[in-house]
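Let me begin by presenting the structure, written as structure tokens, before commenting on it.
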Amino acid sequence: MGDDRDALQNNMGTFISELQSQGVDAEFALVDYEGTGADTFLAQDLTDDQEQITDAIGNIGIFGGQEYASDAILQSFDEVSFREDSKKVIVLITDEDDQSDASTRQSALNRIQSENALLVSISEPGDADDEPQTMAEDVDGEWAQLDSTNFDDIVRRIAGTISDAAGGGS
């Protein structure tokens, strides 16, 4: 996952530029998660400062443990200071399946739908209920295969999806 984190950090400028060129007024937050749900925390609240979010990405710990993605999604809704009029977009990047229990996973998916949010999962492929690809499909979100060698193309595609969801124009 370290290569993927580095690829994200290196391509964050491209991602932000793509969103801006498509007329999206975007801010970014980062919820770091690994281990139990108790290990999930808001690493960076909303900011439009590219350096702040890039630094936060660089500080993501890589431990090779279990990842509780649904806990992180729920915590994102509870702790990120979303603007009142914003389109909420959760970008989930992981090389693991979701270790959260089925009830927490369903709560996260329900919350995405009730908030009219967009879930974008960038992960390994998989079709089990606990796979981020399946989670994105279950809420009409977007999925991209995790590939640190092709992250530039991934961020451009995802920026287009977010622009469409947020009503950006280009």
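The values are calculated or read from the model by the stated rules, or taken from the named source; none is laboratory data. All values derive from a computational prediction rather than experimental measurement. FYI the Cβ positions are ideal-geometry reconstructions off the backbone, even for glycines, and counts take in every protein chain you see. These area figures cover heavy atoms from the full protein model, side chains too; ligands, DNA and RNA do not enter into them. Shrake-Rupley method; radii C 1.70, N 1.55, O 1.52, S 1.80 Å.
Residue under question is ASP78, and the condition is that it be in contact (Cβ under 8 Å) with a residue 24 or more places away in the chain and not hydrophobic (A, V, I, L, M, F, W, C); does it hold? In short, no. Do we find that SER121 is under 15 Å from the mean Cα position of the chain (by Cα) and outside any strand (DSSP E or B) in this structure? For SER121, the condition - under 15 Å from the mean Cα position of the chain (by Cα) and outside any strand (DSSP E or B) - is not met. Among the residues of region 84-110, those identified as under 21 Å from GLU124 (Cβ atoms) and among the hydroxyl-bearing types (Ser, Thr, Tyr) are THR94, SER100, THR104.
Only one of the listed residues (GLU67, GLU137, GLU131) is of a type in the set (D, E, K, R), open to solvent by less than 20 Å² (accessible area, probe 1.4 Å) and farther than 24 Å from GLY23 by Cα. That residue is GLU67. Of everything in region 92-115 that's more than 16 Å from GLY65 (Cβ to Cβ) and among the charged types (D, E, K, R), which residue is surrounded by the most Cβ atoms within 10 Å (Cβ to Cβ)? If we take residues in region 92-115 being more than 16 Å from GLY65 (Cβ to Cβ) and among the charged types (D, E, K, R), then ARG105 is surrounded by the most Cβ atoms within 10 Å (Cβ to Cβ).
Conditions (1) more than 16 Å from the chain's Cα centre (by Cα); (2) assigned to a loop (DSSP other than H, G, I, E, B); (3) at pLDDT 90 or above; (4) under 22 Å from GLY141 (Cα atoms), marked per residue:
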| site | (1), (2), (3), (4) |
| --- | --- |
| ALA43 | no, no, no, no |
| ILE62 | yes, yes, no, no |
| GLN66 | yes, yes, no, no |
| ILE90 | no, no, yes, yes |
| ARG105 | no, no, yes, yes |
| LEU109 | no, no, yes, yes |
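So that you can scan it fast, the table gives a plain yes or no per residue for (1) charged (D, E, K, R); (2) open to solvent by less than 30 Å² (accessible area, probe 1.4 Å):
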| position | (1), (2) |
| --- | --- |
| ASP4 | yes, yes |
| ASN11 | no, yes |
| PHE15 | no, yes |
| LEU19 | no, yes |
| ASP32 | yes, yes |
| ALA43 | no, no |
| ASP49 | yes, no |
| GLN52 | no, no |
| ASP55 | yes, no |
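Residues that are farther than 20 Å from ILE73 by Cα and surrounded by 14 or more Cβ atoms within 10 Å (Cβ to Cβ) within region 158-170 comprise GLY160, SER163, ASP164, GLY168, listed in sequence order.
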